[in-house]
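Asker: There's a structure below that I have some questions on.
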Amino acid sequence: MSLERAGPLTPRRTALSLVGAWALLGSGCATLAHGTHQTIHFESKPEGAMLTETTTGQTWRMPTEVSLWRRRHYRLLASMDGYRPEEVYLTREIPFGWWLADALTLGLGAIVDATTGGFYELGPERVVVVLEPLPPSPPAAAP
Amino acid sequence: MCRKSLAVLCLSLAASACASATLHVVQPVIPPAREVTLAIGSSTPSISSEQLSALRTQLTSRLESDGISVVPAPGANTCRVQGTIDHYDRGSRALRYFFGFVGAGKGTFDSSWHVTDADGKEIGQCRIDGGLWGGAFGGSYEGVLDEASKRLAGCLLNEPAR
């Protein structure tokens, strides 16, 4: 379609074009701005406990920094010999700013950000796990 | 008219982002507790063991960020912090989203905290109550827990205004 056939550029058309361009360009703005992954710092007391992601079975030794996909819910297990294992849950939030920004893109941004998980913030960003020592086991009875 | 409606809508959205927690100091923590063991129990069946575990992680991480060392086993200068969750109601996010402005779907959190020194003498006591009325997509209950964590740090450091 040629520009002549599209007709004159009226203020109404200009405004509509600008809104359309904003909606397209701003789509998934949270994804574009801070990516689909977030780095979370994990540390344990005492140091050196293992951290296991219960879904995938992936493990890390704490302290460590792990890049996690914002879209997923995380349940992790911190464990160490002689200590009671501790479950760790990360929360997943949509900050108001991203919610508003996506609303301004006529919902297109929300679709993209929801698909990629870009508008979620995982928390807390620094996780400290304190492991309780297990009570000493009673000595085995002599035969 | 349209602009006014939009402005009212935006202001309503901003104002509805309400997660808060209030600290009621029963007995100020003197001296401030800078190294603690943390034990959390519950007097309500509405909090699951998973939620209790998540809460412990959130509280521990916040206290550490605020300069309070949470240790696994008590030492000579360690205070014991014993918390009891008296009320834990996450409310309804959907109700808050659509009808939060009339108080529907409200989430609530009530807890009590006792601090004892290494000799077992009580050196402080406080209550932390929180609530959630709205917010983006109905707001998140984790916001209340985060506010409550900040208030607990304020209680332990004897800085209620924190």
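Bear in mind that the values in this text are calculations on the coordinates, not laboratory data. Just so it is clear, the structure is predicted and the values come from calculations on it, not from any experiment. Neighbour counts run over all protein chains shown; Cβ positions are idealised from the backbone, glycine included.
Asker: In the range B:59-96, what residues are in a helix (DSSP H, G or I), in contact with a helix residue (DSSP H, G or I) (Cβ under 7 Å, 6 or more places away or on another chain) and farther than 16 Å from B:Val144 by Cβ?
Answerer: Result: B:Leu63, B:Ala94.
Asker: Tell me yes or no: at least one residue of the range B:23-35 is under 20 Å from B:Leu132 (Cβ atoms), touching a Gly at 6+ places or on another chain (Cβ under 7 Å) and surrounded by 14 or more Cβ atoms within 10 Å (Cβ to Cβ).
Answerer: Yes, because at least one residue in the range B:23-35 is under 20 Å from B:Leu132 (Cβ atoms), touching a Gly at 6+ places or on another chain (Cβ under 7 Å) and surrounded by 14 or more Cβ atoms within 10 Å (Cβ to Cβ).
Asker: Which of the following residues is among the basic types (Lys, Arg) and free of Cβ contacts under 8 Å to residues at least 24 places away in the same chain: B:Lys121, B:Lys150?
Answerer: None of the others qualify; the one that does is B:Lys121.
Asker: What number goes with the only condition from (1) within 29 Å of A:Glu132 (Cβ to Cβ); (2) exposed (fewer than 14 other Cβ atoms within 10 Å of the Cβ) that A:Gly107 does not pass?
Answerer: So the condition that A:Gly107 fails would be (1).
Asker: Do we find a residue being among the basic types (Lys, Arg), free of Cβ contacts under 8 Å to residues at least 60 places away in the same chain and touching a strand residue (DSSP E or B) at 6+ places or on another chain (Cβ under 7 Å) anywhere in the range A:112-127?
Answerer: There is no residue in the range A:112-127 that is among the basic types (Lys, Arg), free of Cβ contacts under 8 Å to residues at least 60 places away in the same chain and touching a strand residue (DSSP E or B) at 6+ places or on another chain (Cβ under 7 Å).
Asker: Would you check which residues across the range B:33-74 are among the small types (Gly, Ala, Ser) and farther than 25 Å from A:Leu51 by Cβ and list them?
Answerer: Matches in the range B:33-74: B:Ala33, B:Gly41, B:Ser42, B:Ser43, B:Ser46.
Asker: What is the number of the single condition among (1) more than 14 Å from chain A (Cβ to nearest Cβ); (2) surrounded by fewer than 15 Cβ atoms within 10 Å (Cβ to Cβ); (3) farther than 15 Å from B:Val29 by Cα that B:Gly75 does not meet?
Answerer: Single failed check for B:Gly75: (1).
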